[in-house]
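Step one of this worksheet: look at the structure below.
The values are calculated or read from the model by the stated rules, or taken from the named source; none is laboratory data. Since the structure is predicted, the reported quantities are computational estimates derived from the model, not experimental observations. Here the Cβ is made from the backbone with ideal geometry for all residues, glycine too, and neighbour counts use every protein chain on show. Just the protein is used for accessible areas: all its heavy atoms, side chains included, with ligands, DNA and RNA removed. Shrake-Rupley method; radii C 1.70, N 1.55, O 1.52, S 1.80 Å.
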Amino acid sequence: LLLSKLNTNEDVAFHGDIIFQLGRIVDKGRSKRKDEILAHARRLAVSMDDDLRDRAIIVLGWIGTNAEITLLTDRLLHDTNNKCRAWAASSFMQMNFRLKRRGETLDFPSVYAALDKAIQTERDYFGLGVYVTSLQEIADKKFRLSQAAVDTVDVEKIEKAKKSAINFLVKAIGGL
């Protein structure tokens with residue numbers, strides 16, 4: 001039923017909620033239609049609607065593979081909405097968790113390069129904090145940035161962690 005609404009372009013106002021719910025179903029392993037749902041998430045991740053992009057980007061993190069890194073990198077570096085950029089970085093982290101559980105590996109060079117550019121250019125401190133905490137989890141490093149500091153947008157702590165993250169990335173990218 002939910003897929004048919006996406007396929008026939010019905011209830012457009014609810015497409016964000018629909019893709020989000022379908023992503024949750026796939027993430028829990030309860031759907032054999034992952035490829036179809038993933039195709040919709042890819043399409044919706046470039047929508048003109050901020051809320052729809054937001055939801056689709058999150059779903060890409062839940063069910064996507066390394067094949068989605070290019071799209072997520074584009075959203076991370078070029079999306080006009082700061083939350084969509086933040087969720088793109090968070091999606092890398094979600095993909096890493098899921099791939100690791102399955103014995104697979106995230107494309108670290110691509111993700112590190114994207115996060116490096118994003119961390120160095122982002123002006124929104126919430127987004128910057130999400131990028132750094134995502135990198136902390138992906139790299140299994142601690143830049144001393146707590147989720148509370150990100151949630152309260154503690155500029156001083158985010159700036160300090162940004163410097164540590166950049167230092168790590170310089171070494172990591174140089175060593176790849």
Just to be sure I understand: with springs between alpha-carbon atoms less than 10 Å apart, which residue in Gly16, Gly129, Gly64 has the highest mean-square fluctuation in the Gaussian network model of the chain?
Gly16
Tilt of helix 108-121 relative to the longest C-alpha principal axis of the chain, in degrees (0 to 90, nearest 10)?
70
Taking the 0 to 90 degree range and rounding to the nearest ten, how far is the long axis of helix 50-63 tilted relative to the main principal axis of the chain, both from C-alpha atoms?
80
Can you compute the helix-only [θ] at 222 nm over the chain? Use -39500 (n - 2.57) per DSSP H run of at least 4 residues, normalise by all residues, nearest 500 deg cm²/dmol.
-23000 deg cm²/dmol
Per the C-alpha gyration tensor (a ≥ b ≥ c, the square roots of its eigenvalues), the stretch 1-100 is rounded if a/c is under 1.5, else prolate if a/b beats b/c, else oblate; here it's oblate
Over the chain, how many pairs of lysines fall under 19 Å by alpha carbon, counting only those 8 or more apart in sequence or from different chains?
26
Averaged per residue, what accessible area in Å² does the stretch 1-85 show with a 1.4 Å probe, protein chains only?
53
Among Val59, Val155, Val111, residue whose mean-square fluctuation peaks in a GNM of the chain (springs only between Cα atoms under 10 Å):
Val155
Explain nothing, just the number: dipole magnitude of the stretch 54-120 about its Cα centre with +1 on each Lys and Arg Cβ and -1 on each Asp and Glu Cβ, in debye rounded to the nearest 20.
240
Gain on full stretching of the segment that runs from Leu1 to Gln120 - 0.36 nm per residue minus C-alpha separation
38.5 nm
To the nearest Å, what is the center-to-center distance of the stretch 45-90 and the stretch 1-35, using C-alpha atoms only?
17
Given +1 on the Cβ of Lys and Arg, -1 on the Cβ of Asp and Glu, and no further charges, what dipole in debye does the chain carry about its Cα centre, rounded to the nearest 20?
660
What full-extension length gain, to one decimal in nm, is calculated for Thr70 and Thr105 as 0.36 nm per residue of separation minus the Cα-Cα distance?
11.0 nm
